[in-house]
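Participant: Let me begin by handing over the structure; questions about it come next.
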Amino acid sequence: MRRRTAVTAVVAGALLLLASAAGFYTVSVDRQATAQQQAAPAPVDPLGTAIEAAQQRLAEVPGDFETWAQLGSAYVEEARITADPSYYDKAEGALQKSLDLRPEANDGALIGQGALANARHDFAAARGAADRALEINPYSATAWGVLVDARTQLGDYPGATEALRRMLELQPGIASFTRASYDAELHGDLANARSALEQALDTAQGDSDQAYCRTYLGALAFATGDLDEAMSQYTAGLKAAPGEPTLLLGQARVRAARGDSDAAITNFQAVVDARPLPENFIEYGEYLESLGRHDAAQQQFALVDTVRRLFAAGGVTDDLSAALFAADHGDPATAVAAAQAEYGRRQNIDAQDALAWALHSAGRDAEALPLAQQATSIGGRNALFLYHRGAIEAALGDTGGARATLTEALDTNPHFSPLHAPRAEELLSSLGGRR
């Protein structure tokens, strides 16, 4: 199972504002001269072109509150693509300008604020902004999408499913189908998760859409240990969007699982060069660590705090990955503090797992176990979460439970982590092997 965050769009996640961005492109381009459109070649960077068009529009008509809102939403998307958190401050300024110009009935700016709050991991604020936008316009599929993401990250899974139902009714398409896939995956319904992604792919209208769908189809296949299908999806995606970092990251994982270390390292390096995100440096460093290349791993880990500070300056809170990193690298006090801070803001399965693992790293396994059980309780099979729970059960002397849980983790995806999968195998063997 893939972990979605608003920053990485795994989300959270996901978490492209496809409907909003598409509308932004349309509005911006339509405001240029028709003859100029027909004469010009297709832009290499449509988002950048749209941002420039909006800026020109606002220079001429600074009171255009709709374009300010569209510009703010586009800046959120630009931050995702470039991994440059300075765009979050730009987005905040543009969205606030829109609201200053039109304080009432401005659902576009509220949707943008919700998307920005999701990207900064302020999910309660995102939920509030989406709710206010929907009070103005209950037929906005984009607002329902922002609410789906916020409720999911806050652990309100029934509420997220209900918001998703409304989004699908209003606008079936890539943005809603990919969210439907994640919702199904979270609840262990892999057949519907894949079906939703295939529907999304069927509606794709350009190379970037196809690449986006292939990214998630590959991630879903990898999460179930199907390396051939995962590589097929990533390769097809890269034909549509050469050099796309999320697809290169997927290829890196498959190549690492297959033992093709040189190619995996090449992929990982390309990913961190293109998207210098803390989680990418951590994953690359842990892969290098699994190969015994400890000095090279430390070089990647040394960049994590620097990049995290840059994102913090842009308003992004990232206690979740900080907790897991500290727990995995011998700093239990930091791990527990960060995990407790994250859990205080949201009680979803990611936060439950992180706090459980942090408590385990501090030797507090009796406190950790209920959280690890909650993190694996809603139906999905996340191999990393299961490994964490199995290790906690083993530490508490529940050999039978640990063997069953670790077996399930490795059956789900024997390649879930180049660092932790071998540890899961070793721990399981020490307990008497598979059940």
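Participant: Taking the Cα centre of each part, how many Å lie between the stretch 47-77 and the stretch 266-324?
Facilitator: First find each Cα centre; the distance between them is then 32 Å.
Participant: If each of Asp228 and Gln205 carries a label point 7 Å out from its Cα toward its Cβ, how far apart are those two points in nm?
Facilitator: The two pseudo-label positions are separated by 3.6 nm.
Participant: Run the numbers for Glu52 and Arg364: contour at 0.36 nm per residue of separation, minus the present Cα-Cα distance, in nm.
Facilitator: 107.0 nm
Participant: Work out how much length Asp45 to Ser377 would gain on full extension: take 0.36 nm times their residue separation and subtract the Cα-Cα distance, in nm to one decimal. Write out the running numbers ahead of the final one.
Facilitator: Values: separation 332, 0.36 × 332 = 119.52 nm, distance 4.27 nm.
Once the chain is fully extended between Asp45 and Ser377, it gains 115.2 nm.
Participant: As an exercise, identify the GluC sites (Glu not before Pro) in the stretch 262-292 lying in DSSP coil whose Cβ has no more than 13 other Cβ atoms within 10 Å.
Facilitator: In loop regions of the stretch 262-292 (DSSP not H, G, I, E or B), there are no sparsely surrounded GluC sites (Glu not before Pro).
Participant: Give me Met231, Met167 sorted ascending by neighbouring Cβ count inside 10 Å, so fewest comes first. Walk me through the intermediate numbers first.
Facilitator: Values: Met231 20, Met167 26.
Lowest count first: Met231, Met167.
Participant: Go through the stretch 65-170 and name the GluC sites (Glu not before Pro) that are in a DSSP coil and have 12 or fewer other Cβ atoms within 10 Å of their Cβ.
Facilitator: Those satisfying the criteria are Glu104.
Participant: Can you work out ³J(HN,Hα) from phi for every residue in the stretch 159-166, in order, using Karplus 6.51 cos²θ - 1.76 cosθ + 1.60 and θ = phi - 60°, giving whole Hz and x for Gly and Pro?
Facilitator: Per-residue couplings from phi come out as x, 5, 4, 5, 5, 4, 4, 5 Hz.
Participant: On a C-alpha basis, how far is the centre of the stretch 146-176 from the centre of the stretch 115-145 in Å? Whole number, if you could?
Facilitator: Cα centroid of the stretch 146-176 versus Cα centroid of the stretch 115-145: 11 Å apart.
Participant: Rounded if a/c is under 1.5, else prolate if a/b beats b/c, else oblate: with a ≥ b ≥ c from the C-alpha gyration tensor eigenvalues square-rooted, which is the stretch 204-269? Let's see the in-between values first.
Facilitator: Details: a/c = 2.64, a/b = 1.43, b/c = 1.85.
Oblate shape, in that a/c is at least 1.5 and b/c is the bigger or equal ratio.
Participant: Ok, one more. Using the Karplus curve 6.51 cos²θ - 1.76 cosθ + 1.60 with θ = phi - 60°, what ³J(HN,Hα) values do you get for each residue of the stretch 335-340, in whole Hz, with x for Gly and Pro?
Facilitator: 4, 5, 4, 5, 5, 5
Participant: In whole Hz and in residue order, list the ³J(HN,Hα) couplings for the stretch 390-398 that follow from phi through the Karplus curve 6.51 cos²θ - 1.76 cosθ + 1.60, θ = phi - 60°; x for Gly and Pro.
Facilitator: x, 5, 5, 4, 5, 5, 8, x, 8
Participant: Can I ask one more? Please state the charge dipole magnitude for the chain, taken about the Cα centre, from unit charges on C-beta atoms (+1 on K and R, -1 on D and E), reported in debye and rounded to the nearest 20.
Facilitator: 300 debye
Participant: Give the order of Leu320, Leu410 when sorted by the count of other beta carbons within 10 angstrom, beginning with the fewest.
Facilitator: The most exposed by this proxy come first: Leu410, Leu320.
Participant: With a cap of 15 neighbouring Cβ atoms within 10 Å, and only residues DSSP puts in a loop, list the chymotrypsin sites (Phe, Trp or Tyr not before Pro) found in the stretch 43-146. Please list the in-between numbers first.
Facilitator: Numbers: sites: Phe65, Trp68, Tyr75, Tyr87, Tyr88, Phe123, Tyr139, Trp144; in loops: Tyr139.
Answer in residue order: Tyr139.
Participant: Moving on to the next point. Using only the Cα atoms of the stretch 76-203, build the gyration tensor, take square roots of its eigenvalues as a ≥ b ≥ c, and label the shape rounded, prolate or oblate: rounded if a/c is under 1.5, else prolate if a/b is larger than b/c, else oblate. Please report the intermediate quantities before stating the final value.
Facilitator: Numbers: a/c = 1.94, a/b = 1.59, b/c = 1.22.
It comes out prolate by the Cα gyration axes.
Participant: Mind jotting down the distance between the C-alpha centroids of the stretch 404-435 and the stretch 208-261, whole Å?
Facilitator: If we compute the Cα centre of each part, the gap is 23 Å.
Participant: Cα gyration tensor of the chain, axes a ≥ b ≥ c as square roots of the eigenvalues: rounded (a/c below 1.5), prolate (a/b > b/c) or oblate?
Facilitator: prolate
Participant: Do the sum for the chain: with -39,500 (n - 2.57) for every DSSP H run of n ≥ 4, divided by all residues, what is the mean residue ellipticity at 222 nm, to the nearest 500 deg cm²/dmol? Provide the component values of the computation, followed by the final result.
Facilitator: Values: 24 runs with 326 residues, N = 435.
About -24000 deg cm²/dmol.
Participant: Testing the spin-label approximation: label points 7 Å from Cα along Cα→Cβ at Glu104 and Asp131. State their distance in nm.
Facilitator: Result for the modelled spin labels: 2.2 nm.
Here, each number is a calculation from the coordinates, and none is a lab measurement. What you see is a predicted model; the values in this text were computed from it and never measured. So basically every Cβ, Gly included, is an ideal-geometry build from the backbone, and we count neighbours across all protein chains shown.
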